[in-house]
1. Going through segment 50-62 one residue at a time, which ones are β-branched (Val, Ile, Thr) and surrounded by 17 or more Cβ atoms within 10 Å (Cβ to Cβ)?
2. Provide a single number: the residues in segment 85-125 that are in a helix (DSSP H, G or I) and within 13 Å of the ligand (Cβ to nearest atom).
3. What number of residues within segment 110-129 are open to solvent by 40 Å² or more (accessible area, probe 1.4 Å) and within 17 Å of residue 62 (Cβ to Cβ)?
4. Please indicate, with yes or no, whether at least one residue in segment 32-48 is outside any strand (DSSP E or B), open to solvent by less than 80 Å² (accessible area, probe 1.4 Å), in contact with a Leu (Cβ under 9 Å, 6 or more places away or on another chain) and without any contact (Cβ under 8 Å) to a residue 40 or more places away in the chain.
5. In segment 63-107, which residues are farther than 20 Å from residue 124 by Cα and open to solvent by less than 30 Å² (accessible area, probe 1.4 Å)?
6. Filter segment 73-84 down to residues that are within 16 Å of the ligand (Cβ to nearest atom) and either charged (D, E, K, R) or over 26 Å from residue 53 (Cβ atoms) (or both), then give me how many there are.
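The values are calculated or read from the model by the stated rules, or taken from the named source; none is laboratory data. This is a predicted model, so every value here is computed, not measured. Note that each Cβ is placed from the backbone with ideal geometry, even for glycine, and that neighbours are counted across all protein chains shown. To get the accessible areas, we keep the full protein, side chains included, count just its heavy atoms, and leave off ligands, DNA and RNA. Shrake-Rupley method; radii C 1.70, N 1.55, O 1.52, S 1.80 Å.
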Amino acid sequence: MNALVTKLDHIRISLTLRHTWAPATAASKVQLSTLPPEPVIPSKKPFKVELVGGKRYSWCTCGHSKKQPFCDGSHKFKAQGLSPLRFVPEKDTTVWLCGCKYTNNPPYCDGTHKQDFIVSATLHEETDS
Ligand code: FES
């Protein structure tokens, strides 16, 4: 990732569109983002998971899934621009899959959840809205 852009930074471009036929107070604002949405943090700890060799898994990257640490399709509605990470383990194995969604070695936990920006972050509480 670009050193100038941290994972929690959003670069947003705010444009104010003023139509010549509309008064300035009625100007519409459009928010454009140059980056995909940031994941929410569903857990500040990894998930210990037993994986079956040769089976395809989809690890949730957006944090909105209710089937953590796996994808349930929520990104399609709540985090467009993010996609699950699909992987197939070679053999049966037990692993620690990242729950904070900020690992640098997805889908595996690399200890990033111990960093201050995760420890001090608000845990995402899933709602149906
Ligand atoms: S849970 Fe995300 S790095 Fe450990």
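1. Selection gives 61 alone.
2. 6
3. Number of matching residues: 8.
4. Yes, that holds for at least one residue.
5. Within segment 63-107, 87, 89, 95 meet the criteria.
6. Here the count works out to 1.
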